[in-house]
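Since the structure comes first, as structure tokens, the remarks are kept for the end.
The values are calculated or read from the model by the stated rules, or taken from the named source; none is laboratory data. None of these values were measured; they are calculated from a predicted model. Here Cβ is always computed from backbone atoms with ideal geometry, including for glycine, and neighbour counts include all displayed protein chains. What goes into the accessible areas is simple: the full protein's heavy atoms, side chains included, and nothing from ligands, DNA or RNA. Shrake-Rupley method; radii C 1.70, N 1.55, O 1.52, S 1.80 Å.
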Amino acid sequence: MTNRKRVLVVDDEDGFREVMSSVLNATDEWSGIGCASGEEAIGMLAKEQFDVVLLDYKMPGMNGLNVMQWMHEQKQETPVIMLTAAGSEFVAVEAMKLGAYDYVRKEQVDINHLPVTINGVHERYLFRKEKQRIEQEEREREKNAAAIKMFGDTVVSIGHYVNNALSVLSMSLTEDERELSEYVPEPKREKFRSAFQQLHQEFSIVAAGVRSMLNLSSVVTKRMKHTKNIIEVKKEEILDKELMEREAESRWEEGITRNSNEQ
């Protein structure tokens, strides 16, 4: 299937690598691509896109931690499952510091459970990416919200000032029209009334524009609150998933400690 996700299986043991790749290739979701050294893995990671890396620690030349260090320096975010040997719990700890999502002791690998492990790691990776995306959206929203709020406050302040000024001017205009009409000769009164009528209409147009501006500011504010509510719901969903991820990491750390004590 062309839509299967790709797993880079890095191990210098030909038999182990081929078995892991075969198990993945037998699934509908995953495709295993093998390589035999850390140097080869770096070359492939530099040129191709993979969804998960299954990485052996102990290899001639560059070991698994060296590969992870390179990935860290290159800002390669492909999730890694580190394969370790018994008594190598310190390797798991170092791998975790470099960003590994999980570790598996090679002698305890369950080939029937391998696709499940890889799928769980990939889902955690997608969750982290989604979390980063939402957090970035939240930062952008807060930045835009601050700018929009400042603009809205300015619009409201100016709008109320202009509205009050227009009301005063309108009343003054009406009073002036009444007082001045007594001094306008009869032949000119029609033109006089027409001129003041036009002024009143222009005042009404300006006042309507100010009201529209204030209404628009109110609509934008309500829309911002609605968007904020949607983001808050998404953040709650993220927190629920984050709790599950922390529990998984806690189980990982407990497994490292338990395996170390068993040695």
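Can you say whether N3 is free of Cβ contacts under 8 Å to residues at least 24 places away in the same chain and open to solvent by 30 Å² or more (accessible area, probe 1.4 Å), as far as the supplied structure shows? The answer is yes for N3.
Would you mention how many residues in region 9-30 are in contact (Cβ under 8 Å) with a residue 40 or more places away in the chain, open to solvent by 10 Å² or more (accessible area, probe 1.4 Å) and not aliphatic (A, V, I, L, M)? First the steps, then the outcome.
The first filter runs over region 9-30 and keeps only residues in contact (Cβ under 8 Å) with a residue 40 or more places away in the chain, leaving 9-13, 16, 19-20, 23-24, 27, 29-30.
With open to solvent by 10 Å² or more (accessible area, probe 1.4 Å) added as a condition, the list becomes 12-13, 16, 19, 23, 27, 29.
After this cut, where a residue has to be not aliphatic (A, V, I, L, M) as well, the list is 12-13, 16, 27, 29.
Number of matching residues: 5.
For beta carbons closer than 9 Å, sequence separation of 6+ or different chains, a first residue in region 117-140 that is under 25 Å from L55 (Cα atoms) and of a type in the set (A, V, I, L, M, F, W, C) and a second that is modelled with pLDDT of 90 or more and part of a helix (DSSP H, G or I), the qualifying pairs are I118/L24.
Restricting region 46-63 to residues that are out of contact with any helix residue (DSSP H, G or I) (no Cβ under 7 Å at 6 or more places or on another chain) and of a type outside the set (F, W, Y), the residue that is least open to solvent (accessible area, probe 1.4 Å) is V53. For region 196-220, a residue qualifies if it is within 45 Å of the chain's Cα centre (by Cα) and not β-branched (V, I, T), and the qualifying residues are A207, A208, G209, R211, S212, M213, L214, N215, L216, S217, S218.
When region 189-203 is filtered for residues that are open to solvent by less than 70 Å² (accessible area, probe 1.4 Å) and of a type outside the set (A, V, I, L, M), the ones remaining, listed by number, are F192, S194, F196, H200, F203. Contact map, region 186-206: first residue among the aliphatic types (A, V, I, L, M), second residue surrounded by 10 or more Cβ atoms within 10 Å (Cβ to Cβ) and part of a helix (DSSP H, G or I), Cβ cut-off under 7 Å, separation 6 or more or different chains; pairs are L199/L173; V206/L166. L55: under 17 Å from H122 (Cβ atoms), touching a Phe, Trp or Tyr at 6+ places or on another chain (Cβ under 6 Å) and in contact (Cβ under 8 Å) with a residue 40 or more places away in the chain, yes or no? No, not satisfied.
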